[in-house]
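FYI, it's all coordinate maths here, none of it is from the lab. If you're wondering where the values come from, they're calculated on a predicted model, not measured in any experiment. So basically every Cβ, Gly included, is an ideal-geometry build from the backbone, and we count neighbours across all protein chains shown.
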C-alpha cells in the first residue's frame, strides 16, 4: 500500500495532463467539421480561452483563493464558466451551430463514449480516503457514481454498441453521465465553510479546493460534461 500511495502522490499533478488531453480530444472532435474559416476562428478562440482558464485555475488554487472562498461556492465557478462560455461561442451564431452539427455527425458512438473511460482515474480519491484525507460522504456521493460510470464506458467498448440503434439509449447514457457529477458537486461543500455545510468533522473536503485537485471540478469535469453535451447534440 505504501508503494501505491507514494506513486499516487508523485503523479497527482498529472491531472493537468488529463485536462490537456481532454481539451485536445474535444478540440479534435470540433475540428472535423466541414465548416468555413469563421468556424475555425471560433474554435481557435475557444481553445485559447480554455488554456487561459486552465492557467487561471492553477493560479487561484496555488494561492489558496479557491479554498479560502469555499463559502462562495468557488469550486463550481469553473464548471459554469466552461459550459456557459462554450455554449455561447458555438451556440450563439449560425456558423457555430452548423459547425457543431457537422462535427458531431463525424463521430461514431464509440468515439463519443471512449473519452469517458478516462474517468476511471477517479479511483485516486479512494486512495485519499484510505489515507484519511477525504471524508466518506464525498466518496459515496462523488467518487463511486463517477467510477461506476467509467466502468460502463469501458464495458460499452467491449460490446457491440450497435445492438441498440435507438438514440434514446445514448441519450439516456450521456444524461446519466452528466448526472453522475452532481453528487461530487454538492458533497464537496458538506464539510467546508459553505451555505450547505452539515459537518465540521475531519477529514473534510478542503483537499478538493487545493492545487492540483481543484482542477477536477474547475476544468476536467466541465470538459467531460461538455463532451456529453456535444454527444447529446447528435441524439436530440
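Going by neighbour counts of Cβ atoms within 10 Å, the residues 94, 67 line up, fewest first, as 94, 67. Based on DSSP H segments of at least four residues, each scored -39500 (n - 2.57), the chain has a per-residue ellipticity at 222 nm of -19000 deg cm²/dmol. Its convex hull of Cα atoms gives the chain a direction-averaged projected area, equal to a quarter of the hull surface, of 13.2 nm². Treating r as the C-beta distance of residue 123 and residue 72 and R0 as 41 Å, the FRET efficiency rounds to 0.85. How far, in degrees from 0 to 90, does helix 144-157 lean away from the longest principal axis of the Cα atoms of the chain, to the nearest 10? Result, in degrees: 40.
Using 0.36 nm per residue and subtracting the Cα-Cα separation, the extra length available between residue 186 and residue 171 on full extension is 3.0 nm.
Order by neighbour count: 220, 48, fewest other Cβ atoms within 10 Å first, most last.
Ascending number of Cβ neighbours within 10 Å: 48, 220.
Note on residue 83 and residue 201: with the Förster distance fixed at 22 Å, the Cβ-Cβ geometry gives a FRET efficiency of about 0.10.
The ranking of 81, 34, 205 by Cβ neighbour count inside 10 Å, starting from the fewest, reads 34, 81, 205.
The long axis of helix 167-179 is offset from the longest Cα principal axis of the chain by roughly 30 degrees.
For the pair residue 151 and residue 236, label points projected 7 Å from Cα toward Cβ lie 3.0 nm apart. Rounded to the nearest 10 degrees, the angle from helix 221-235 to the longest Cα principal axis of the chain is 30 degrees. Full extension of the chain between residue 102 and residue 51 gives 15.9 nm of extra length, using 0.36 nm per residue less the Cα-Cα distance.
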